[in-house]
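Contents: one structure, followed by commentary.
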Amino acid sequence: MPEVLILDSREDSNRKLTAVLYALYALGWFTFITAIAALIVNYIKLDEVRGTWLESHFRWQMRSFWFGMLWAGLLIAFVVVTLGVGAFVAWIPHGVLMVWLLYRIVRGWLNLNDGKPMYPAMPL
């Protein structure tokens with residue numbers, strides 16, 4: 001019985017941590033440093049959640065960050081290559097990127113609160 005309590009305690013702790021990480025990613029809209037801090041914690045704690053349903057949330061968070069960085073980098077490159085003229089139209093895809101990131105944070109947070117993994121199990 002104590003082993004079950006330890007596992008439940010560890011899962012509860014990791015679930016709370018995952019919620020905090022979603023909050024840090026959400027704050028990343030205002031201060032990018034919190035998103036970087038969340039990413040670092042994701043990588044440090046990944047082994048603790050490996051093999052659990054929370055691993056899917058960690059992967060979801062990390063992919064959201066890296067794909068967001070990829071698209072932001074492409075937007076910056078576009079503005080630089082067009083010698084700043086692209087800034088007049090770059091705000092449109094930038095807005096789409098921000099909405100996409102917000103969607104990823106909200107969807108992840110809702111699934112976490114419902115106790116659901118981000119990626120449903122694939123049938124064999």
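For this structure, a couple of remarks:
- 13 Å beta-carbon shell around MET118, net charge (K/R +1, D/E -1): +3
- Positive-end ranking of ALA35, LEU101, PRO120 along the dipole of the chain, with charges on Cβ about the Cα centre, is headed by LEU101.
- Computing mean projected area of the Cα convex hull in nm² directly from the structure and comparing it against [x] 8.6; [y] 9.8; [z] 7.7 singles out [y].
- Mean residue ellipticity, 222 nm, helices only, the chain: the sum of -39500 (n - 2.57) across DSSP H runs of n ≥ 4, divided by residue count and rounded to 500, is -28500 deg cm²/dmol.
- Relative contact order (percent, whole number), the chain, Cα cutoff 8 Å, 6+ residue spacing: 28 percent
Just so you know, all these numbers are worked out from the coordinates, no wet-lab data involved. These numbers come from a predicted model, not from an experiment. Methodologically, a virtual Cβ is constructed for each residue, glycine included, from the backbone with ideal geometry; neighbour enumeration extends over all protein chains shown.
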